[in-house]
Amino acid sequence: MKKEIRAADERRLTRITSLLFYLCSSAFIGGQFLCRADIIDRIAVSVGNRVITVSDIEREIRVTSFLNGVQPDLSRAGKRATAEKMVEQKLIQRELETARYPQADPAEIEPVLADFKAAHFKDDAEYARSLAAYGITEQDIRDELLWQRSMLRFIAIRFTPGVQVSDQDIQKYFDETVAPAARAAHPGEPVKLEDYRGQIEEKLTGDRADEDLNRWLVLARKRNEIVYYEEAFG
């Protein structure tokens, strides 16, 4: 068992050393190779043969915060929570590539980006200033929106078709959740199941597809070697 652990550690060290060598900008000065340490991006997590760096995590935090209109949380806890999300992204990306799922077309996110800009900024200048304040670029935003689209497509193809929602499920959710809320919002008005059936079915289908995704992620984590380098989180 100890030999297996040592072998795994050696493989991990080899991957890290290879990446650091690749990132190191060397110059032959005075008979010595000097490495510019300031350009080395520290590894925070390894997922199989893929890595998540500190700058990847910080960029994800900034982009997500920008889209949500909140201040970036670059605390240790904030970085750790974002790293967990990015591990799931790596696992899904690997599945998308190996199983050859159809990828989202970058053109699909253009109307989404246009709507976002129109809803939150008075002009392009204000949009550009906000991007700069968050330390990100428009390409970062495009990449995030494209990933979200790919993620939704993955769920729709892999999990949604297997979800079954019965009439009993719909009736139960209507009786316990929808009807009480509707009556409280509109006292004295009739509340009919048929007015809400489509919305309820869509909600329950989405929730169950998400549950199936979470179960898949649990198994995917077990199938892959995932290592967190806690010192990288600050």
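The values are calculated or read from the model by the stated rules, or taken from the named source; none is laboratory data. For clarity, every value in this text was computed on a predicted model and none was experimentally measured. Ideal geometry is used to build each Cβ from the backbone, glycine not excepted, and the neighbour counts take in all protein chains shown. What goes into the accessible areas is simple: the full protein's heavy atoms, side chains included, and nothing from ligands, DNA or RNA. Shrake-Rupley method; radii C 1.70, N 1.55, O 1.52, S 1.80 Å.
All of (1) assigned to a helix (DSSP H, G or I); (2) among the β-branched types (Val, Ile, Thr); (3) in contact (Cβ under 8 Å) with a residue 40 or more places away in the chain hold for THR82 with one exception: (3). Checking every residue in the range 132-149 against the condition of being touching an Asp or Glu at 6+ places or on another chain (Cβ under 7 Å) and free of Cβ contacts under 8 Å to residues at least 40 places away in the same chain gives zero matches.
Checking each residue of the range 133-141 against the condition of being open to solvent by less than 50 Å² (accessible area, probe 1.4 Å) and aromatic (Phe, Trp, Tyr) gives at least one match. Residues that are open to solvent by less than 60 Å² (accessible area, probe 1.4 Å), among the acidic types (Asp, Glu) and either modelled with pLDDT of 95 or more or within 19 Å of PRO72 (Cα to Cα) (or both) occur in the range 147-170; there is at least one. Within the range 94-107, the residues that satisfy the criterion of being open to solvent by 50 Å² or more (accessible area, probe 1.4 Å) and touching a residue at least 12 places away in the same chain (Cβ under 8 Å) are ARG94, PRO102, GLN103, PRO106. Across the range 182-225, the number of residues qualifying as loosely packed, with under 15 Cβ neighbours inside 10 Å and of a type in the set (Val, Ile, Thr) comes to 1.
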